[in-house]
Structures are given as C-alpha cells and as structure tokens.
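Here's the structure, in structure tokens; my notes come after.
None of the figures in this text is laboratory data; all of them are computed from the coordinates on show. Bear in mind the structure is a predicted one, so any value in this text is a computation, not a measurement. Ideal geometry is used to build each Cβ from the backbone, glycine not excepted, and the neighbour counts take in all protein chains shown.
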Amino acid sequence: MTAPSPFARKCRIIAREKGLIDRVEEIFVDPYANTPELVAANPIAQAPCLIAEDGEPIINSPLICEYLDEIGSGARLVPDNATDRLRVRRLDALANAALEMGVKLVLEKRRPEAERSPSWTRRWTENMARALDALEIALPEGDDLDMGVITASVAATWIGFRHPDFDWRTGRPRLVALRDRLEARPSFVETFPA
C-alpha cells in the first residue's frame, strides 16, 4: 500500500474495525518504482493489494474490503440483506467514483504543464463535485457504520487533503458531519493520510 492512498486507507480502516490488524502486515511501497514484490502480486503495480490467507492476491480495494469484512469479527459492513446490501454498495461506488475523479486530477497535475488538459481538469473537477453532491443526498440517517459511509468519509478527507483548493464542505453539511464523526474513531485516526 501507499500511505496517502484513500483506497488503501479504507482497507486499513476495515482491518482495524474488523479486529484483523494483528493478522495483516502493512507494507508500504512506491507503485511507480515497479518493485518486484508488488508486480508479482499485482501485474499492474497498483496499491492496495492484499495477499489472502490462501496465498492468492486480491487487487481491488472493494474486493479487499469485502474479504476483510467476511473473515473479520463484529457486525457486517456490507449487509447480507439484498436491499441493504445494494444501498451500501451504491454509496460505496459513488464515493469510489469521487475518489477516482480526484486521482485523475492528481495525475493530471503531475504532468508537465504543457501537457495538461484544462478541459479534462474541468470535467474531472465537475464530476468530483457532482459525486460529492450525490453523496450528500444519499447518506443514510443515523450512526450505523458500513462500507458506504466509511468510503464516503475517506473520500471527503482525501479530497480535502489532496485538493486543498477545492471546497468540498460548502453545501454538504451531512457529509461534513459524517466525516467529522468518523475521523474521531481510532481506526480513522490511525490511518489519517500522511
């Protein structure tokens, strides 16, 4: 994993919430260095990647989180009930989409200035804002912890961290309240982006 990755962070949070941290070794890598260990586990050299108990790699953060949710203790973060499961998965997918737009913006900013695309930057920024607006509407009432609200909070924190010039808070009081509440949990404090 990489320390600032929001996708790795949500896996790290799940490991802690599900009582698995003593069974997980967190190894920090530079995915751009194509280290042999990472490439052997994930041919596209992206983090996070989890080597499961059967020795096989899991390379997609939603799948990693689902695996950790299944083998860990405590209440399920992705419910078994079909209706609740779909609600949680929709929220998780929407928060992941906001993160993906934010990652595209980071990568665009890393390109030489002459190669940057103002039209793509504008589109990804607008998409990220719309995804956050949709999260604001879709957030469930109450204080239940599930995969969707975890990813929504991770997205809000990471976007604020990586894009300090983007105002994610204005007009999104429910998302701000969720983020502030969850960021006080030990699993979130221990994994705050560096």
Options A82, V189, V103, ranked by Cα towards positive dipole end of the range 82-189, top entry (Cβ charges):
V103
Measure out, as a whole number of angstrom, how far apart the alpha-carbon centroids of the range 125-194 and the range 50-118 sit.
14
Listing E66, E56 from the residue with the fewest other Cβ atoms within 10 Å to the one with the most, what is the order?
E56, E66
Hits for the chain under the membrane-span-like helix rule (DSSP H, Cα axial span at least 27 Å, Kyte-Doolittle mean at least 0.5) are none
Extension gain R76-V106, at 0.36 nm per residue separation less the Cα-Cα distance, in nm?
7.5 nm
Sorted by packing (mean other beta-carbon atoms within 10 Å per residue), highest first, where do 174-182, 2-10 land?
2-10, 174-182
Burial-style ranking of 27-34, 127-134, 148-155, average other-beta-carbon count within 10 Å with highest first, yields 148-155, 127-134, 27-34
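Would you mind classifying the range 42-107 by shape? Square roots of the alpha carbon gyration tensor eigenvalues, ordered a ≥ b ≥ c; an a/c under 1.5 is rounded, otherwise it is prolate if a/b is larger than b/c and oblate if not.
Taking the square roots of the gyration eigenvalues as a ≥ b ≥ c, the range 42-107 is oblate.
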List the aspartates and glutamates whose Cα sits under 16 Å from the Cα of K104, skipping any in the same chain fewer than 8 residues away.
E113, E115, E126, D165
For the chain, what does the helix formula give at 222 nm: sum of -39500 (n - 2.57) over DSSP H segments with n ≥ 4, over the residue count, nearest 500 deg cm²/dmol?
-18000 deg cm²/dmol
If amide H atoms are built 1.01 Å from N in the plane of the peptide, which residues on other chains or at least 5 residues away come under 5 Å of the amide H of I51?
I58
